[in-house]
Every structure is written in C-alpha cells, then in structure tokens.
Amino acid sequence: MKGTELSAARITAVDTYDIRFPTSRELDGSDAMNPDPDYSAAYVVLRTSAADGHEGHGFTFTIGRGNDVQVAAIDALAPYVVGRSVAELTADPGALSHTLIGDSQLRWLGPEKGAMHMAIGAVVNAVWDLAAKREGKPLWQLLADADPQWLVSQVDFRYIGDALTPDEALDLLTKGKQGARERATDLLRRGYPAYTTSPGWLGYSDEKLTRLAKEAVADGFTQIKLKVGADLQDDVRRCRTARAAIGPDIRMAIDANQRWDVAEAITWTNALAEYDPYWIEEPTSPDDILGHAAVRRGVHPVKVATGEHVQNRIVFKQLLQAGAIDVLQLDSARVAGVNENLAILLLAAKFGIPVCPHAGGVGLCELVQHLSMFDYVALSGTTDDRVIEYVDHLHQHFLAPVVIDQGHYKAPVEPGFSATMRQSSLDTYRYPDGVFWAADLEASNPEARA
Ligand SMILES: [Mg+2]
C-alpha cells in the first residue's frame, strides 16, 4: 500500500523565492571586485503529493541585484519538473539534469554557463535533497553508499571524454570503496578540515583583522584567507599584520577575486611572497585557462587556486589539462548541481589535484560539505591538503546549519542536502515584500506607500 502510494506520488509545485540579506551594510563579504554584496539566494522548493511529506530544497547564490533574474531562470525550468513521478525523479537525477541542459531554446543562453546553468543547479540540487530525505541519509552518505556503476551513470561525459572515460571513472569509484567504511567512521568522529575567510575581508580594519586572525588560530583553524587586490601597499601591510598574528606555521591563502591581468597577477603576488602566502586564488578571469597556467609558472612556489566562478566541467577539464591550477575550488551552486560536481570531483581525482571547495555566501557551506565528505569517504580517500572554506555568516537561517568544531566541519547526520531554510527567514528576507525589506523600502521612501 505504502509502495503504491509512493510510486504514484508526483511533484505538485516548484515554488521559488527571491531571498536577500542586507550584508552590504556590515562590509561582510567585501573584496576587491565585490565591495557591497547583499548575500542572496534564488531559492526553490519542490513540493510533492507523497504521504511522507518530504520536500526538495535547493538554491543558487547571488550577491543581490540579479537574484530576480536567477529566480526567473528557475521558473523557466518548472514545466520539466511539475507532474513528474517523485520515485523516478529521485532514482535518476542525472536524467533530469540531461533534459534541463538539453532544452534547445534555453541552451542558447549558455550553453552550460551563466544564469540558466545555475538555475539547473538549483533544481537538480533540490532533487538530490529530496532523494536523500527519502533515503533517510545525509547526501554525503547517500553518495558514499551508492553503487559505483550508478554513480558513473549520473555523470555527463560529453565534452570531457578526452580527459576522463566512464571506465576510468568506474575504476576510481571502485577503488574509492576500499576502506570507505573506516573513513566514514573517522569522518563522523573527526569531521572534515576547514579554513576560515572571516578575518580577511577587505573592508575590515587592521585591528579587526588581527583579532579575528588570532581567534581563528585559537579556534583550531590551520589556514586563514585574506582578500587582496585593491591596493598593493594596503595588501603588504595586511599580509604582514595577518602573518604576525598567526605566526609562521598557519597557512595564509590570498584571494584577488579576478582583479588582475596576467602580468599584474604575477608581480602583485610576488610582491606579497615574503609573507608566505599558501595560494593565490582567482588571480585573473576564471575563463582564462592559459592565463592561469602562466600565473602558476610565474608565482611558484605560491600555489594557484580557482573555481568558484568556473562555469562548468569543461573549463575545469582544461585547467587540469593545461597544468594551470594546484588547487581546485568547486562550488556547490555554480555548475549544474551534484551531477556535474561528480564529474568535477572525478576529474580532480584523475589528475591528482586536491579539491578545496568555495563556500561562504549564504548556504554554500551547508551544501558543499556533503561533496567533500563523499570525496573523502568514497573517492579520493584523503583529506591531505584539502580544506573546505568556512565563513561564519547567515548559518542561523538554516534548519540544519553547519557545525564547526576545532577547525573541522562536523559530518551532518540529518537526512538531505542541508539546504532547507527556516520559514521565518524566508518570510522576513523575501525581496521586496518580506517583513525586513517592506519596512526598509518604506523607510527609505515613505512617499511610495500606496
Ligand atoms: Mg574566493
């Protein structure tokens, strides 16, 4: 009876929300390219007729204006999802991903990049959230327990077959199963290593930088990150200040958020080299594969990292083939969701490059922890030189927020993808008619009141 009921269950609605947080007022998240971000989520809820009451939640991250464009992009995909069988959808999210990427008219807006591709990521991630809730497992565990053959079936090898074949992927995933049970136990006990960006925002004073950097070390972090790229003399002073605060043994990454041309990236990074930066992140355009390779040659031994704006598996493939990066920073909500991130994790494993995911924003920590934890338990099998970015912002809006303990992400145990926001947060920060924004807009323009 229950089985019949579940197999008949359908997706009844794809509800979207434009959620914006007024973070620009505190300079949280300020960097050389993004001086005043309002951290935002184009948020989607898949509702179903299933008696189990589970919903699928997903989102993409934006920094304010344009979140409405992102919501419209998700709305454009709804006809592919509404009315679908819940059981079929969650048994094969890759089939939906393939269909969404293949819409010939929407594909023209990319292909496989930009707002449409991020919208596909939100919907596909919501399906994975629903699948994990129905299985009663956190997503990392659902992936780690999955049959390698099935995982391979979830990857789109189009355009990456010259770097990674399905047979190679199967081999990597089969090898990844060896010792997986012990690593899952270890993960639940120890967590997954994190680093923190919280001390290093560009808008913070030297006093705040020093205080937060010392707190980070006291809290057990072994790596921090500083934003750079606006003013060289400021960067020299801030790197010296941070290095003095953390001592010689803590890693200090720097992040230019695409501020430089190639030659400038090399000179600027080398000018900071005496403070021993561990990696330079996003030195230049995320589309410039050969430029990253040149930067890497020019700043050695400083490592080169990128990925938060890399738009798909094909660009990651080329960064790896060109020897352009030392560290791959995938993002849970930039590409087309879990399926494409599986492809990217497999490419990184094939090339032996560590994955240190981008996170922060709103909800990106919550999502991406699952991908790294799966990678540790059942793919690369290691956390050596691997850390997930952590930023202490906006976690309170999630039903199951990340938990950081002694510089590690604790493994989530709640079923799902940790994507579900509190209803009160949705009601307060929905733009422009949520409680916060309605009051704020009225205060800034009282005459507009109807
Ligand atoms: Mg960054």
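The values are calculated or read from the model by the stated rules, or taken from the named source; none is laboratory data. What you see is a predicted model, and the numbers here were worked out from it, not measured in a lab. Counting neighbours? That spans all protein chains shown, and the Cβs are built from the backbone with ideal geometry, glycine included.
A few notes on this one:
- Filter pass, VAL124 being away from the ligand (no atom under 16 Å from the Cβ), of a type outside the set (S, T, N, Q) and in contact (Cβ under 8 Å) with a residue 40 or more places away in the chain: yes
- Selection status of GLY337, closer than 30 Å to PRO22 by Cα and in contact with a His (Cβ under 9 Å, 6 or more places away or on another chain): no
- So GLY200, is it within 22 Å of PRO248 (Cα to Cα), surrounded by fewer than 19 Cβ atoms within 10 Å (Cβ to Cβ), assigned by TED's automatic domain parsing to the domain that holds ILE344 and under 24 Å from the mean Cα position of the chain (by Cα): no
- Per-region count, the range 217-237, residues within 21 Å of GLN258 (Cβ to Cβ), in contact (Cβ under 8 Å) with a residue 12 or more places away in the chain and of a type in the set (D, E, K, R): 3
- Flag for VAL387 being modelled with pLDDT under 95 and within 16 Å of the ligand (Cβ to nearest atom): no
- With a requirement of 2 or more residues that are in the same structural domain as VAL14 (by TED's automatic domain parsing) and hydrophobic (A, V, I, L, M, F, W, C), the helices (runs of 4 or more DSSP H) lying completely within the range 63-111 that satisfy it span 67-77, 86-91, 93-101.
- Of the criteria (1) assigned by TED's automatic domain parsing to the domain that holds ASN339; (2) touching a His at 6+ places or on another chain (Cβ under 6 Å); (3) of a type in the set (D, E, K, R), which one ARG190 fails: (2)
- The lone exception for ASP326 - which of (1) within 15 Å of the chain's Cα centre (by Cα); (2) closer than 26 Å to PRO166 by Cα; (3) not aliphatic (A, V, I, L, M) it fails: (1)
- Filtered residues of the range 270-290 (kept if within 14 Å of the ligand (Cβ to nearest atom) and not acidic (Asp, Glu)): PRO277, TYR278, TRP279, ILE280, PRO283, THR284, SER285, PRO286
- Test result for ASP440, touching a helix residue (DSSP H, G or I) at 6+ places or on another chain (Cβ under 6 Å), among the acidic types (Asp, Glu) and either at pLDDT below 95 or closer than 22 Å to GLU135 by Cβ (or both): no
- Taken over the range 169-224, residues that are within 16 Å of the ligand (Cβ to nearest atom), among the small types (Gly, Ala, Ser) and either at pLDDT 95 or above or in contact with a Gly (Cβ under 7 Å, 6 or more places away or on another chain) (or both) amount to 1.
- Scanning the range 181-197 for residues that are surrounded by 14 or more Cβ atoms within 10 Å (Cβ to Cβ) and either over 25 Å from GLU389 (Cβ atoms) or basic (Lys, Arg) (or both) yields ARG183, ARG190.
- Scanning the range 316-334 for residues that are within 16 Å of the ligand (Cβ to nearest atom) and either on the phi > 0 side of the Ramachandran plot or not polar (S, T, N, Q) (or both) yields a count of 10.
- Scanning the range 340-358 for residues that are within 16 Å of the ligand (Cβ to nearest atom) and either at positive phi or aliphatic (A, V, I, L, M) (or both) returns a single hit, VAL355.
- Considering only residues in the range 236-292 that are surrounded by fewer than 17 Cβ atoms within 10 Å (Cβ to Cβ) and small (Gly, Ala, Ser), the one that is nearest to GLN318 (Cα to Cα) turns out to be SER285.
- Test result for ALA324, surrounded by 19 or more Cβ atoms within 10 Å (Cβ to Cβ), within 27 Å of PRO283 (Cβ to Cβ) and small (Gly, Ala, Ser): yes
- Of the listed requirements (1) in contact (Cβ under 8 Å) with a residue 12 or more places away in the chain; (2) surrounded by fewer than 23 Cβ atoms within 10 Å (Cβ to Cβ); (3) away from the ligand (no atom under 16 Å from the Cβ), GLN311 misses just one: (3).
- Single residue of the range 118-154 satisfying the filter (assigned to a helix (DSSP H, G or I) and either among the basic types (Lys, Arg) or at positive phi (or both)) that is surrounded by the most Cβ atoms within 10 Å (Cβ to Cβ): LYS133
- Checked against (1) without any contact (Cβ under 8 Å) to a residue 40 or more places away in the chain; (2) within 16 Å of the ligand (Cβ to nearest atom); (3) among the polar types (S, T, N, Q), THR267 passes all but condition (2).
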